[in-house]
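Student: Please read through the structure below; I'll follow up with questions.
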Amino acid sequence: MVEAFVGLLFVLSFLRFGPFWSWLWAAFFACLLVILAMIDLEHLLLPDRITYPGALLGWVVHPFLPWADSWFGGLLGSVVGAGILLLLYGLWFLLRKVEGLGLGDVKMMALVGAFLGVGGALTTLFIGTVLAACFAVPSLLSGRLSLQHRLPFGPFLALGALISMLGPEGRWFEALAPLFSG
């Protein structure tokens, strides 16, 4: 199933960004997301040896991506995406004295922001959080999960990033922004 899904992502990347070489970067990024999601599902781990080089590569290629604005956009996307999760990590730890999420999620968001920029990072966080809540809340209410259960967040972030990248507007957060403005 994973191989079929990756094949589908290659086709979607080509349809969205082809026929020039830029679709290959989208497909490569999609593969990184699938790899991280599968590892997180099985091991509750997002390995540094994937997230760090992936973020570095994202910064390097960001100006050449069809949805990108500038090199600085990738760097700023990493800082914003990772920074929001790092802030939540710190606040939760201060309030509860336990980790509420892993630092691997923070590093994964640095990778996502490097490829997708600020708008894509914010979209990923929004969609990933909504997807995680749609899974976790019914599971908590039914008793299948407890508040002490560790839920991998990486797969939800990966889905959010894929939706952000492959969606009709590329970055849905800009389209949703008017809903949140006063």
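The values are calculated or read from the model by the stated rules, or taken from the named source; none is laboratory data. Since we're looking at a predicted model, the values are computed, not measured. Note that each Cβ is placed from the backbone with ideal geometry, even for glycine, and that neighbours are counted across all protein chains shown. Surface accessibility is based on the protein's heavy atoms, side chains included, excluding ligands, DNA and RNA. Shrake-Rupley method; radii C 1.70, N 1.55, O 1.52, S 1.80 Å.
Student: Just how large is the dipole of the chain about the Cα centre, in debye to the nearest 20, putting +1 at every Lys and Arg Cβ and -1 at every Asp and Glu Cβ?
Tutor: Magnitude of the dipole: close to 300 debye.
Student: Would you mind classifying the range 1-86 by shape? Square roots of the alpha carbon gyration tensor eigenvalues, ordered a ≥ b ≥ c; an a/c under 1.5 is rounded, otherwise it is prolate if a/b is larger than b/c and oblate if not.
Tutor: oblate
Student: Exposed loop chymotrypsin sites (Phe, Trp or Tyr not before Pro) only (DSSP loop, at most 10 other Cβ atoms within 10 Å): please give the longest stretch of the chain free of them, not including the sites.
Tutor: That would be 22-182.
Student: Then there is this: With every protein chain left in place, what is the accessible area per residue of the range 8-57 in square angstrom, probe 1.4 Å?
Tutor: 57 Å²
Student: Put +1 on the Cβ of every Lys and Arg and -1 on every Asp and Glu Cβ in the range 1-148; which of Cys134, Gly7, Gly54 then has its Cα farthest towards the positive end of the dipole?
Tutor: The residue sitting farthest along the positive end of the dipole is Cys134.
Student: Tell me, what % of the accessible area of the chain is carbon and sulfur with a 1.4 angstrom probe?
Tutor: Exposed carbon and sulfur together represent 74 percent of the surface.
Student: Put +1 on the Cβ of each Lys and Arg and -1 on the Cβ of each Asp and Glu in the chain; which of Leu125, Ala26, Leu101 then has its Cα farthest toward the positive end of the dipole?
Tutor: After comparing all options, I get Leu101.
Student: How many angstrom separate the Cα center of the range 112-161 from the Cα center of the range 10-68?
Tutor: Their Cα centres are 18 Å away from one another.
Student: Springs between alpha-carbon pairs under 10 angstrom, Gaussian network model over the chain: which of Ser139, Ser13, Ser22 fluctuates most?
Tutor: Looking only at Ser139, Ser13, Ser22, the biggest GNM fluctuation is shown by Ser139.
Student: Pick out which of Leu12, Leu159, Leu33 has the largest mean-square fluctuation in a Gaussian network model of the chain, springs linking Cα atoms closer than 10 Å.
Tutor: Leu12
Student: Applying the Karplus parametrisation 6.51 cos²θ - 1.76 cosθ + 1.60 with θ = phi - 60° to the phi angles of the range 53-63, what ³J(HN,Hα) value in whole Hz is obtained for each residue in order, glycine and proline being reported as x?
Tutor: x, x, 5, 4, 4, x, 5, 5, 8, 3, x
Student: Next up: Of the residues Val137, Val11, Val34, which exhibits the maximal mean-square fluctuation in a Gaussian network model of the chain defined by a 10 Å Cα contact cut-off?
Tutor: Result for the chain, Cα springs under 10 Å: Val137 fluctuates most.
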